[in-house]
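The values are calculated or read from the model by the stated rules, or taken from the named source; none is laboratory data. Quick caveat: nothing in here was measured; it's all calculated off a predicted structure. Using ideal geometry, Cβ is built from the backbone for each residue, glycine included, and neighbour counts are taken over all protein chains shown.
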Amino acid sequence: MAAALVLVGVSSSVARPLCPQEGPLANDAFQPTDLPAEEAFVTGRRLVAEARSLATAGDPSASTRLSQGFESWRQALAASESGAGLRLDPTDPDGRLVVGIEEAVRLELDALDPTELGQWIARFEDLASAAFVDGSGEQRVERTFPGTAAATRAALRLADAALEAG
């Protein structure tokens with residue numbers, strides 16, 4: 001009889017969903033996202049893909065489209081707060097894979113070919129250097145201009161300051 005009661009108790013707790021409105025992982029953990037930044041990021045991805053297709057077809061507007069894609073990624077960084085996240089796959093209804101905006105842009109930069117990365121650096125190096133010199137803050141420069149020499153200098157200064165602080 002005791003075994004039957006235990007079996008009934010276990011089966012009733014298994015059959016009842018822990019959180020009825022939750023997706024397949026049965027995890028209701030909140031994943032914060034910055035939707036405007038996510039939209040800018042997705043737009044940037046689309047524009048870069050279009051630029052690659054145009055370049056393959058020999059269309060001279062490919063460079064302009066690539067710059068527009070880069071501007072969208074930069075906008076996603078500049079308009080969001082540090083620590084903001086985005087879904088790498090916005091079509092996922094559960095939004096399970098959320099990464100920091102900074103990391104998402106760095107992943108995209110890592111995926112660029114050397115010519116495209118050179119265009120990113122050429123587009124933003126002067127802006128990053130000017131922001132670094134005018135005292136906009138090392139954290140802002142390091143975060144919003146990844147891949148540039150100014151961002152590297154800012155990261156080194158931040159690391160040095162952290163080391164000094166203990």
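Among the residues of region 147-166, those identified as under 25 Å from the mean Cα position of the chain (by Cα) and of a type in the set (A, V, I, L, M, F, W, C) are ALA149, ALA150, ALA151, ALA154, ALA155, LEU156, LEU158, ALA159, ALA162. All conditions but one from (1) over 23 Å from THR152 (Cβ atoms); (2) touching a Lys or Arg at 6+ places or on another chain (Cβ under 8 Å); (3) modelled with pLDDT under 90 apply to SER82; the one that does not is (1). Of all residues in region 9-59, those satisfying the criterion of being of a type in the set (D, E, K, R) and either buried (at least 17 other Cβ atoms within 10 Å of the Cβ) or modelled with pLDDT of 65 or more (or both) are ASP34, GLU38, GLU39, ARG45, ARG46, GLU50, ARG52, ASP59. Being surrounded by 17 or more Cβ atoms within 10 Å (Cβ to Cβ), modelled with pLDDT of 95 or more and either touching a helix residue (DSSP H, G or I) at 6+ places or on another chain (Cβ under 9 Å) or over 17 Å from THR148 (Cβ atoms) (or both) is the requirement here; does ARG87 meet it? No, not satisfied. Against the condition more than 19 Å from PRO146 (Cβ to Cβ) and either in contact with a helix residue (DSSP H, G or I) (Cβ under 6 Å, 6 or more places away or on another chain) or at pLDDT 95 or above (or both), how does ALA62 come out, does it pass? Spelling it out, ALA62 is indeed more than 19 Å from PRO146 (Cβ to Cβ) and either in contact with a helix residue (DSSP H, G or I) (Cβ under 6 Å, 6 or more places away or on another chain) or at pLDDT 95 or above (or both).
For region 95-106, check the following and say yes or no: at least one residue is over 18 Å from the mean Cα position of the chain (by Cα), farther than 18 Å from VAL48 by Cβ and surrounded by fewer than 13 Cβ atoms within 10 Å (Cβ to Cβ).
Looking through region 95-106, none of the residues is over 18 Å from the mean Cα position of the chain (by Cα), farther than 18 Å from VAL48 by Cβ and surrounded by fewer than 13 Cβ atoms within 10 Å (Cβ to Cβ).
Annotation note: Cβ proximity below 6 Å between a residue of region 78-94 that is touching a residue at least 24 places away in the same chain (Cβ under 8 Å) and within 14 Å of GLY44 (Cα to Cα) and a residue that is of a type in the set (Val, Ile, Thr) and assigned to a helix (DSSP H, G or I) (sequence gap 6+ or interchain) occurs for ALA78/THR144; LEU86/ILE101; PRO90/VAL42. If you go through region 130-166 and keep only what is crowded, with 17+ Cβ neighbours inside 10 Å and over 18 Å from GLN75 (Cβ atoms), you end up with PHE132, GLU138, ALA150, ALA154.
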